[in-house]
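K.L.:
Below you will find the structure I want to go over with you.
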Amino acid sequence: MIELHDIVVEYGNGARAVRAVDGVSLKVPPGGSLALIGPSGCGKTSLLYAIAGLLKPAVGEVTLEGKPLSGVGSRVALILQNAGLLPWKTVWQNANLSLLLAKEYPKKTATAALEEMGLLEVKDRYPTELSEGMKRRVGIARALATSPTVMLMDEPLASLDTLTKERIQDLFLTLWRKHRFSLILVTHDIEEAAFLGERIAVLSDRPARIKAVVDNPGMGELDYRGQEGFIATVSRLRSALEVGR
Ligand SMILES: Nc1ncnc2c1ncn2[C@@H]1O[C@H](COP(=O)(O)OP(=O)(O)OP(=O)(O)O)[C@@H](O)[C@H]1O
Ligand SMILES: [Mg+2]
């Protein structure tokens, strides 16, 4: 279980301090998925970085199975918006990076992770030789290579065309069902949140507070986008976010 206890994130000190996250408490069970959705600049990335241990919350604590979460490593993987590939390394070398950085020796290889993402044929190419969708998949392969128990994602599919985005969402759903890592996905995409989030926390304008938590028990099937449950969740998210009216 990942638990966020009353997380507050602030930048700067004293009178100049900017509060980005204001008292967020959430739980994600093992193998569960949580989407975080909220307006631009509300504090989503700040919250995710606090969960990842990349910044220390001013107040509160994040625990994994009851112990303070010690940062990104072999158990916790983080995928950033631009995939964060190193242009001077090949696809395989990029996917293998996480294994070099992980503290404990992992169970999977970069080759196996690339195969799962359908990228084995391009393993010797460089990032500039890939489509945008392929780059995002390399980013996911790199995170998968360490067999993490927790996967943190910050708008991993932002600015892709709808078709590519939905294909990668389908692939990602299949991976989540197979590997059962706990997923925390930051997104500004309502349909992505409804497709991949078992629960969806809707955040307020900055500083981010939880405005609503929407349960989405019907998710988990590839054809969910066509189902009534999906449409109902999308509509609930729209009203919680106060868009379209
Ligand atoms: N390093 C920093 N120093 C000072 N202020 C920061 C820093 N990083 C973020 N902020 C401020 O904190 C607030 C929240 O930023 P954050 O990046 O967490 O929002 P976000 O919800 O991820 O935004 P977006 O949807 O645009 O990705 C913003 O007002 C931002 O200006
Ligand atoms: Mg952000």
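Computed from the coordinates by the stated procedures, all read-outs in this text should not be read as laboratory data. Computed from a predicted structure; not experimentally measured. All Cβ positions, even for glycine, are placed from backbone atoms using ideal geometry, and neighbour counts span all protein chains on display.
K.L.:
Once the dipole of the chain is set up with Lys and Arg at +1 and Asp and Glu at -1 on Cβ about the Cα centre, which of Leu222, Gly60, Gly43 lies farthest towards its positive end?
P.N.:
Result: Gly60.
K.L.:
Tally the DSSP beta bridges in the chain and give the antiparallel ones as a percent, rounded to 5. The partial results should precede the final answer.
P.N.:
On the way: 20 of 39 bridges.
Counting DSSP beta bridges with both partners in the chain, the antiparallel share is about 50 percent.
K.L.:
Beyond 25 Å, what percent of the Cα pairs of the stretch 40-148 remain?
P.N.:
Working: 1632 of 5886 pairs.
Summing the P(r) tail past 25 Å for the stretch 40-148 gives 28 percent.
K.L.:
Quote the charge dipole size of the stretch 74-147 about the Cα centre in Debye, to the nearest 20; the model charges only the Cβ of Lys and Arg (+1) and of Asp and Glu (-1).
P.N.:
Values: 11 positive and 7 negative charges, 51 e Å.
My answer is approximately 240 debye.
K.L.:
Can you tell me which lysines have their Cα less than 21 Å from the Cα of Lys56? Leave out same-chain residues fewer than eight positions away.
P.N.:
Answer for Lys56, where 21 Å is the Cα cut-off: Lys27, Lys44, Lys67, Lys103, listed by chain and number.
K.L.:
Right, here's the next one. Work out how much length Glu65 to Ala158 would gain on full extension: take 0.36 nm times their residue separation and subtract the Cα-Cα distance, in nm to one decimal.
P.N.:
Numbers: separation 93, 0.36 × 93 = 33.48 nm, distance 3.07 nm.
Gain in length upon complete extension: 30.4 nm.
K.L.:
Nearest 20 debye, what's the magnitude of the dipole of the chain about its Cα centre given +1 on Lys and Arg Cβ and -1 on Asp and Glu Cβ? Numbers along the way, then the final one.
P.N.:
Details: 30 positive and 28 negative charges, 104 e Å.
In total the dipole reaches around 500 debye.
K.L.:
Here is a further query. What whole number of Å gives the distance from the Cα centroid of the stretch 112-159 to the Cα centroid of the stretch 27-65?
P.N.:
Cα centroid to Cα centroid, the span is 22 Å.
K.L.:
Still on this structure: For the pair Lys108 and Lys27, what calculated FRET efficiency results from E = 1/(1 + (r/R0)^6), where r is the Cβ-Cβ distance and R0 = 22 Å, to the nearest 0.05? It would help to have the intermediate numbers written out before the result.
P.N.:
Numbers: r = 27 Å, r/R0 = 1.24.
So the FRET efficiency works out to roughly 0.20.
K.L.:
Give, as a single signed number, the net charge of other residues whose beta carbon lies under 12 Å from the beta carbon of Val18, with Lys and Arg counted +1 and Asp and Glu -1.
P.N.:
Details: positive: Arg16, Arg19, Arg206; negative: Glu10, Asp22.
So the surrounding residues net to +1.
K.L.:
Please arrange Val138, Val59 by counting, for each residue, the other beta carbons lying within 10 Å of its beta carbon, fewest first. Mind showing how you got there, number by number?
P.N.:
Values: Val138 27, Val59 13.
Placing the least packed residue first, the sequence is Val59, Val138.
K.L.:
If you average 1/r over all unlike Cα pairs in the chain and invert the result, what Kirkwood radius do you get in angstrom? If you can, show how the numbers build up before the last one.
P.N.:
On the way: mean 1/r = 0.0545 Å⁻¹.
Hydrodynamic radius (Kirkwood, Cα only) of the chain equals 18.3 Å.
K.L.:
Same structure, new question: Based on the alpha-carbon gyration tensor of the stretch 198-241 and its eigenvalue square roots a ≥ b ≥ c, which shape applies: rounded if a/c is under 1.5, prolate if not and a/b is larger than b/c, or oblate? Present the calculation step by step, with values, prior to reporting the outcome.
P.N.:
Working: a/c = 3.24, a/b = 2.26, b/c = 1.44.
Prolate shape, in that a/c is at least 1.5 and a/b is the bigger ratio.
K.L.:
Same structure, new question: Can you give the FRET efficiency for Leu54 and Arg167, using 1/(1 + (r/R0)^6), R0 = 22 Å, r = Cβ-Cβ distance, to the nearest 0.05?
P.N.:
Working: r = 29 Å, r/R0 = 1.34.
E(calc), rounded to 0.05, equals 0.15.
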